[in-house]
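Peer 1: Would you mind keeping the following structure in view while I ask a few things?
The values are calculated or read from the model by the stated rules, or taken from the named source; none is laboratory data. These figures come from a predicted structure and were not determined experimentally. Reconstructed Cβ throughout: ideal geometry from the backbone, glycine too, with neighbour counts over all protein chains shown. SASA here: full protein model, heavy atoms, side chains in, ligands and nucleic acids out. Shrake-Rupley method; radii C 1.70, N 1.55, O 1.52, S 1.80 Å.
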Amino acid sequence: MPVASRSLLGRVLYRGPSLDELRQHYAKGGLIDDRAPVTAVSRVRIEAPPATVWRLLHDLPGWPSWVPGVTSVRQGPKGTVPDEQFRWKLGGMPIRSTLAVVEPLQELCWTGVLAGTRAVHRFRLTTVDGGHATDVLSEESIGGPLIALYFPSAKLRTVLQDWLEALRTTAETAETAETEVPR
């Protein structure tokens, strides 16, 4: 049932699926929790090939250098692979996440826990213009009691848009630097 058709009380008290179910059935199944009280989708076209975009997304420890608000990322010993955990801070808040999907040049998806909430976040990459550009879709759902009262979908949408804009700027700058010919 879409969020808009549920009662305000139902959205405010929504706990959502367990973290394991979110990872196994939603994240690994190509879905976010569309029943969650907080959801957002954003898209950007990046004038850089998928390999350039993927390098930035896949390098989790490098996120603090370009993702707004991310101050640290600690990966598990196996790196950026499915079912590996990572810890990070966004806006000073610690997040405990587990990678669900790592499909090179196509998708990066994880589940996460923050302050009693459970989220699914995914990036999907699509090659455009014969490989010279990339369409990136970012979508996220956040479930947990009371989350919609202090972190509405509009705010999440802004966070996703800021992240994608930083990704676009960083990838296009990197691509320009790689293609410039020394004089």
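Peer 1: So what is the accessible area of the chain per residue, in Å², with the probe set to 1.4 Å?
Peer 2: Numbers: 9240 Å² over 183 residues.
Spelled out: the 1.4 Å probe surface of the chain, per residue, equals 50 Å².
Peer 1: While we're looking at this one, here's another question. Once fully extended, how much extra length lies between Thr126 and Val12, figured as 0.36 nm per residue of separation less the alpha-carbon to alpha-carbon distance?
Peer 2: Extra length from Thr126 to Val12 when fully extended: 37.6 nm.
Peer 1: Moving on to the next point. Dimensions of the chain along principal axes (Cα, Å, largest first)?
Peer 2: 64, 35, 29
Peer 1: Using the Cα centre of the chain as origin and beta-carbon charges of +1 (Lys, Arg) and -1 (Asp, Glu), tell me which of Leu146, Cys109, Pro82 is placed farthest towards the positive end of the dipole.
Peer 2: Leu146
Peer 1: I need the peptides 108-117, 72-81 ranked by packing, meaning the mean over residues of other C-beta atoms within 10 angstrom, with the highest value on top.
Peer 2: Top of the packing list down: 108-117, 72-81.
Peer 1: Give me the compactness ratio for region 1-102, meaning the Cα radius of gyration over 2.2 N^0.38 Å.
Peer 2: 1.25
Peer 1: Moving to a separate point now. Report the gain in length on full extension from Leu146 to Met93: 0.36 nm times residue separation, minus Cα-Cα distance, nm rounded to one decimal.
Peer 2: 17.3 nm
Peer 1: Here is a further query. For every helix of n ≥ 4 consecutive DSSP H residues, a contribution of -39,500 (n - 2.57) applies; sum these over the chain, divide by its total residues, and give [θ] at 222 nm rounded to the nearest 500 deg cm²/dmol.
Peer 2: Theoretical 222 nm ellipticity from helices: -7500 deg cm²/dmol.
Peer 1: Evaluate the distance, in nm, between pseudo-label points positioned 7 Å from the Cα of Ser65 and of Glu47 along their respective Cα→Cβ axes.
Peer 2: 2.3
Peer 1: Run the simple label-point estimate for Ser72 and His58 please: 7 Å along Cα→C-beta, distance reported in nm.
Peer 2: The two pseudo-label positions are separated by 2.7 nm.
Peer 1: Using the crude model of +1 on Lys and Arg Cβ and -1 on Asp and Glu Cβ, and no other charge, please compute the dipole size for region 41-149 relative to its Cα centre, in debye to 20.
Peer 2: Dipole about the Cα centre, nearest 20: 400 debye.
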